[in-house]
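Read through the structure below, which is laid out as C-alpha cells, and then see the notes.
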Amino acid sequence: DIFQSWLKQMLALKPGVPMWLAASVNSEGSVPPVTLGDFWGGAAASGDEAVISPAFTSRGKEMVDSLIKEIEAAIADPLIFAGRKQEFNRWHRNNSFESWEAFCIGFSKGKARLKTKEEWQKKASQMSTDEGPYFALITKIASDLKPLTEEGSAPAWLSQVYELQSARSIGTAG
C-alpha cells in the first residue's frame, strides 16, 4: 500500500522522539490551551502569562493517543513504532508535569487580569468555592493529569494536589 510505504519512509526520516505528535495536536485547533483566563477571567492576557499547550491537557492526550493508534493501524508491523511510542509517552509525561508545574508557579499572576472593583469582588466571593480560581485549578490538574499518574509515580507537588483534593472531598462530605 502506498500510504504504508509513505508512513514507513516518514518514520525513517524523522528518527528519535516523535514530538511532532504534540505539535500536530497543538496546531490542529480543536483543543484550546489552558490559560490563566480560564480560572481568573478578567482582562486580556499579558505577554508573559503561563499557558498549557493543548497536547498537555487530557483532551490533547486523547488526540495524541488517537494519532498513535492510527499510525500503528497504518503500518504493517507496529513494532516499527513501538520504541518511539514509548519514548514519546515518557517525553510527553515529563513535559506535561513540567508545564503544569510552571503554570502553577505563575498562577497567582492571574490576579493582574482583574481590573475593576466588580471583577475583584466577584473573584473574592468565589474564593472559598469550587468556582474560585485555586480550587478550580486543583480540580483541573487532578483530572487532566490523572491518566499520566496511572503510568507511574507522580511528582511530589502533584501528590499534594491529590491529597488536598481528597481532604476537601472528606471535608465537604462530613
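The values are calculated or read from the model by the stated rules, or taken from the named source; none is laboratory data. This is a predicted model, so every value here is computed, not measured. Here the Cβ is made from the backbone with ideal geometry for all residues, glycine too, and neighbour counts use every protein chain on show. The area values use the complete protein model at the heavy-atom level, side chains included, leaving out ligands, DNA and RNA. Shrake-Rupley method; radii C 1.70, N 1.55, O 1.52, S 1.80 Å.
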(request) Out of the residues in the range 143-166 that are open to solvent by 60 Å² or more (accessible area, probe 1.4 Å) and of a type in the set (A, V, I, L, M), state the one that is nearest to Phe103 (Cα to Cα). (result) Ala156
(request) Run Lys140 past the list (1) over 13 Å from the mean Cα position of the chain (by Cα); (2) open to solvent by 60 Å² or more (accessible area, probe 1.4 Å); (3) of a type in the set (Lys, Arg) and report the number of the one that doesn't hold. (result) (1)
(request) Tell me, please, whether a residue that is in contact (Cβ under 8 Å) with a residue 40 or more places away in the chain, within 25 Å of Thr57 (Cβ to Cβ), out of contact with any Pro (no Cβ under 6 Å at 6 or more places or on another chain) and part of a loop (DSSP other than H, G, I, E, B) can be found in the range 141-151. (result) yes
(request) Would you be able to say whether some residue in the range 128-136 is in a helix (DSSP H, G or I), under 23 Å from Val64 (Cβ atoms) and aliphatic (A, V, I, L, M)? (result) no
(request) Starting from the range 124-138, keep only residues that are at pLDDT 95 or above, then list their pairs with residues that are open to solvent by 70 Å² or more (accessible area, probe 1.4 Å) whose Cβ atoms are within a distance under 7 Å, requiring at least 6 positions of separation or different chains. (result) Ala136/Asp130; Ile138/Leu164
(request) Would you be able to say whether some residue in the range 96-108 is open to solvent by less than 60 Å² (accessible area, probe 1.4 Å), over 19 Å from Ser53 (Cβ atoms) and more than 21 Å from the chain's Cα centre (by Cα)? (result) no
(request) Would you mind telling me which numbered condition in (1) under 30 Å from Pro18 (Cβ atoms); (2) touching a residue at least 12 places away in the same chain (Cβ under 8 Å); (3) open to solvent by 50 Å² or more (accessible area, probe 1.4 Å); (4) of a type outside the set (A, V, I, L, M) Glu119 fails? (result) (1)
